[in-house]
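Input: a single structure, listed below in structure tokens.
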Amino acid sequence: MTDKKLQTLLKSIHIKPLTAEEKIRAWDQIRFGMAQSTAAITSKYTRETISPFKKWAYVAVVFGLTTSTVFAAESSKPGDLLYPVDRAWENFELSVTPTSQQNTLKKQFALERVEEVRDILKEAGIQRTATSIKKASLVLTSEKGSITNTSISKAVLEEIAKPNIEKINGTATSEETSTTTATSTEDKTLSNDSKKRIETALGTALSYLGETKEEMLKQGDKESVSYIDFMFEQLNGQIEILPDDVTFNIDLTQSKENVGFEVVSKDNKTIIQATVSKEPKATSTETEDTEPVLTKKIEIKDNSLSIVGKNVIEESTGTKPATTTKTED
Amino acid sequence: MNSRDNKVSLIEEKTLKSLIISSKEGDEQAFHLLYSRLNDPFFKYILSRTKDRDDATDILQEVFIDLWKAFQTFQYNSDAQFYGFTFTIIKRKLEKHYKRPRSYDELDENSLEFSYSDDAEHRDDVRVLMEAIGGLKERDRTVLELHYWSGLTFGEIGKMINDKETTVKVRHHRALKLLEELLSNKNKKTNKKNDR
């Protein structure tokens, strides 16, 4: 084979690049990693200033526990016996942290709440996998009917190119948000115990994020509010991958009175967001003309949030889930 | 020129240096522009090594997260130094994920596109060529992958692997000669088998 023929052959091989959707998803993951890293670095000073000895001594005295118990509490998750110990330590850390540093620590804790949900879902065998994202069928409904994979890629590409600050930040998810949820449940039936753990973790995370957002809004700390909103996005991403054949009931009574939650339709998606005292309530984007493609029915009633899977709704009504927008004052 | 074109040209106009410096200061928008600019060549190179699209995506994400973390201490001197620094992160990530070298014939054909894929003979040539590339020296192989698949110029590759442009050209030339030799030996063996 000649030099020229070899070069022609090499040039004829192209490695498929990331699609527009894959780029957005990858950036979302990168951004989450960046948030973890930033929170860890900025809170390093605060958390290192308190010696581990003081920490163990404090928690042990307050709760009458042994050092090994306190160690175990550090890795506990919502629903675990020792989880209250872990949270008590967080409160102690906050109480001995200078006011100027407290929001940094709170952001770190907010991230931990989201990570706890993710870990519990992972333990239950529920996680978003790159493989399933790749294999997920992309169906976007419009007035003209469904659009093929190729045209979605094009649409998303065009969306990225738009001079939109939100897109540059990677926070907005554009048309691809209406894609089929990519979930891996490893074909396992969710046990009652796992279901309860998920409900507890989601309730804990929602309450913490709502309360923290409210405090930060009161202080006028816009940067921190934006960080908490990003954490809400991450949490909604976790809710999105919950199994379709299970109904989850989440207790919201642990939140403070002035913190509420509402379910709204945004970008063809049902999302949960906090409604706090100083924030103007978000307006639902739902209209009669456009029916969002939903994989979950989410409702708030009597301080309880219910997330009903698509299959459950189809079984009970024989129809696909309808959009509901309810507000908890 | 419409607003969309303006945005595109704005991205192009931003120098690598300004994006790096802004990213170092915690500017997420700048870091996203850096990602937009670099994800394509990096991903293609990583995919050529991992052979698995999902693994390649995971590694790409880790590379950019590590880069963001590293910006806390990274001191910008030149574009070349930055490219070299980034390539070191990529190599470390690849080493961590794949300690055992794998042969090219494991590369999923779905990850490749051929200019004239209907040609059976061409597909066979490509398969043989992929195997032959796997037999090249690490640095020579990297030059081919970054040049033909990531679409980088010899000058850019030099920055990535910390070689002079002329050295990269020499490596490229040598790699082609070696490939010719490997392919010719392979053909001879095949012909001998057919003769028997």
Going by what's in this entry, would residue B:54 be described as out of contact with any Asp or Glu (no Cβ under 8 Å at 6 or more places or on another chain), within 11 Å of chain A (Cβ to nearest Cβ) and at pLDDT 90 or above?
no
Go through segment A:13-29 and count every residue that is within 7 Å of another protein chain (Cβ to nearest Cβ) and part of a helix (DSSP H, G or I).
5
Log entry, pairs with first residue in segment B:21-33 being at the interface with chain A (Cβ under 9 Å from one of its Cβ atoms) and farther than 16 Å from residue B:65 by Cβ, second being in a helix (DSSP H, G or I) and open to solvent by 60 Å² or more (accessible area, probe 1.4 Å), beta carbons closer than 8 Å, six or more apart or on different chains, reads B:29/A:165
Please go through segment A:78-123 and pick out each residue that is in contact with a helix residue (DSSP H, G or I) (Cβ under 9 Å, 6 or more places away or on another chain), polar (S, T, N, Q) and assigned to a helix (DSSP H, G or I).
A:101, A:102, A:103, A:104, A:108
Cβ contacts < 6 Å: first residue basic (Lys, Arg), restricted to segment A:238-261; second residue not in a strand (DSSP E or B), any location; separation 6+ or different chain. Result?
A:256/A:211
With the checklist (1) modelled with pLDDT of 90 or more; (2) loosely packed, with under 14 Cβ neighbours inside 10 Å; (3) touching a strand residue (DSSP E or B) at 6+ places or on another chain (Cβ under 9 Å) in hand, flag the one item residue B:115 doesn't pass.
(1)
List, please: which pairs have Cβ atoms under 7 Å, are six or more places apart or on different chains, and start with a residue in segment A:21-33 that is touching a residue at least 60 places away in the same chain (Cβ under 8 Å) and end with one that is part of a helix (DSSP H, G or I) and small (Gly, Ala, Ser)?
A:21/A:153
Name the single residue, out of those in segment B:15-68 being among the polar types (S, T, N, Q) and out of contact with any helix residue (DSSP H, G or I) (no Cβ under 6 Å at 6 or more places or on another chain), that is least open to solvent (accessible area, probe 1.4 Å).
B:39
Cβ contacts < 7 Å: first residue over 20 Å from residue A:17 (Cβ atoms) and within 11 Å of chain A (Cβ to nearest Cβ), restricted to segment B:121-149; second residue among the small types (Gly, Ala, Ser) and open to solvent by less than 60 Å² (accessible area, probe 1.4 Å), any location; separation 6+ or different chain. Result?
B:123/B:117
With the condition kept exactly as written, say whether any residue in segment B:96-105 is at pLDDT 90 or above, open to solvent by 50 Å² or more (accessible area, probe 1.4 Å) and not charged (D, E, K, R).
no
Being surrounded by fewer than 16 Cβ atoms within 10 Å (Cβ to Cβ) and over 16 Å from residue A:198 (Cα atoms) is the filter here, so list the residues in segment A:74-86 that pass it.
A:74, A:75, A:84
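Here is a yes/no grid of residues against (1) part of a loop (DSSP other than H, G, I, E, B); (2) closer than 26 Å to residue A:35 by Cα; (3) open to solvent by 10 Å² or more (accessible area, probe 1.4 Å):
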| residue | (1), (2), (3) |
| --- | --- |
| A:194 | no, no, yes |
| A:201 | no, yes, no |
| A:206 | no, yes, no |
| A:212 | no, yes, no |
| A:217 | no, yes, yes |
| A:228 | no, yes, no |
| A:231 | no, yes, no |
| A:237 | no, yes, yes |
| A:254 | yes, no, yes |
For segment B:58-74 the number of residues that are closer than 21 Å to residue B:29 by Cα and assigned to a helix (DSSP H, G or I) is 11
Extreme residue, farthest from the other protein chains (Cβ to nearest Cβ), among residues of segment B:150-160 that are within 17 Å of residue B:48 (Cα to Cα) and crowded, with 20+ Cβ neighbours inside 10 Å:
B:160
Test result for residue B:188, modelled with pLDDT under 90, more than 15 Å from residue A:5 (Cβ to Cβ), within 14 Å of chain A (Cβ to nearest Cβ) and in a helix (DSSP H, G or I):
yes
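The values are calculated or read from the model by the stated rules, or taken from the named source; none is laboratory data. Just so we're clear, the structure is a prediction, and the values are computed from it rather than from any experiment. Cβ atoms come from the backbone with ideal geometry, glycine included; neighbour counts cover every protein chain shown. SASA here: full protein model, heavy atoms, side chains in, ligands and nucleic acids out. Shrake-Rupley method; radii C 1.70, N 1.55, O 1.52, S 1.80 Å.
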